[in-house]
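The values are calculated or read from the model by the stated rules, or taken from the named source; none is laboratory data. In this text the structure is predicted, and so the values were computed from the model without any measurement. Cβ atoms come from the backbone with ideal geometry, glycine included; neighbour counts cover every protein chain shown.
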Amino acid sequence: MSIPEKLERTRALDRPAGAARDAVQGVLTHRGVKDALHGVWLGHALHPSLAQFTLGSFLSASLLDLVGGQRRASSTLIAAGLAGTLPTVASGWADYSDAHEEQQRVGVVHAALNAAAVACYGGALVARARGGGGRALSAAGGALSGFSAYLGGHLAFRQALGPNQAEAVPHTGPGDWQPLGAAADVPDGRPVRRLAGDTPVVVVRSGGEVSVLADRCPHASAPMHDAELGEEGGCAVLTCPWHGSVFRVDDGSVVHGPATAPLPRFEHRTVDGVLQARVVTFPGVPAS
């Protein structure tokens, strides 16, 4: 069993992980700020992009210190990494606040390692300002950052904290028209679940208009037929029942996070009173 897998199963981490989650949720109360930190405006998670800059700066500095003779360049890279720390940490905590328990166990260790690494790099700069070398602190910071990045990769790609959970729908959904039942049976103002072939979809009638979207929230796979139908900005929206992501009904686009990817959309038509749907694919890429 790998170290991240052991961390996933360590119940002793629940107390600090829960305290960190509650603290972050208490601070990030402004929805616009939280949306920005999640990366709603970017179309995918913001944290990995910022982490690339911060981690790259730190590890490059440690490498230069290991080689020697590049103290000024190394110090510049450390300063750049420290400058990028605040937005990187803020975006990471925003994602963490909506993670499930196993993700939070790994995430709180990831955060602690990052904090220790930042302390080492900050200490290295202070040591240099006092005439010392700080190379040992830089090396320690590099080791801590490297292991923290390993846990971050586990969070993102093994535990799927951040990736689009509905990405496969345009590829696996039906490319030909599939019956969803009688159009007259779709209630007004209440999302309902149907099957387009083998693909679950959510059908919404709002103000006389029907929309068909994937029944899987891109953030954490919540069933969107349990979503709440409402209105925002003059548009009908669905609010995810698990973490509160908000999507426009007409095109599936994200209004509020934590989701950053849209709900996949299905074309629909009514033939002889029967509602039919097929997935909207990418140009030149057929559905299976």
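Just a few scattered comments:
- Qualifying residue in the stretch 258-265 (condition: among the β-branched types (Val, Ile, Thr), within 17 Å of the chain's Cα centre (by Cα) and either in a loop (DSSP other than H, G, I, E, B) or within 17 Å of Val279 (Cβ to Cβ) (or both)): yes
- Residue in the stretch 68-80 that is outside any helix (DSSP H, G or I) and touching a Ser or Thr at 6+ places or on another chain (Cβ under 9 Å) present: no
- Condition met for Arg128 (basic (Lys, Arg) and modelled with pLDDT under 95): yes
- Criterion (under 25 Å from Pro163 (Cβ atoms), surrounded by 21 or more Cβ atoms within 10 Å (Cβ to Cβ) and touching a residue at least 12 places away in the same chain (Cβ under 8 Å)) met by exactly one of Val255, Val280, Val212, Val203: Val212
- Applying the criterion of at least 2 residues that are within 30 Å of His30 (Cα to Cα) and not assigned by TED's automatic domain parsing to the domain that holds Tyr96 to the strands (runs of 3 or more DSSP E) found wholly in the stretch 169-248 leaves 199-206, 209-214, 228-232, 235-239, 246-248.
- Residue that is crowded, with 23+ Cβ neighbours inside 10 Å, over 22 Å from Val89 (Cβ atoms) and touching a residue at least 60 places away in the same chain (Cβ under 8 Å), where the choices are Ala227, Ala196: Ala196
- Count - residues of the stretch 22-39 that are of a type in the set (Asp, Glu) and either under 19 Å from Thr85 (Cα atoms) or crowded, with 16+ Cβ neighbours inside 10 Å (or both): 1
- Exactly one residue among Ala61, Ala83 is under 17 Å from Val118 (Cβ atoms), of a type outside the set (Asp, Glu) and surrounded by 19 or more Cβ atoms within 10 Å (Cβ to Cβ), and that residue is Ala61.
- Residue in the stretch 36-59 that is in a helix (DSSP H, G or I) and among the aromatic types (Phe, Trp, Tyr) present: yes
- For the stretch 92-111, the set of residues classified as in contact with a Pro (Cβ under 9 Å, 6 or more places away or on another chain), part of a helix (DSSP H, G or I) and not aliphatic (A, V, I, L, M) consists of Asp95 only.
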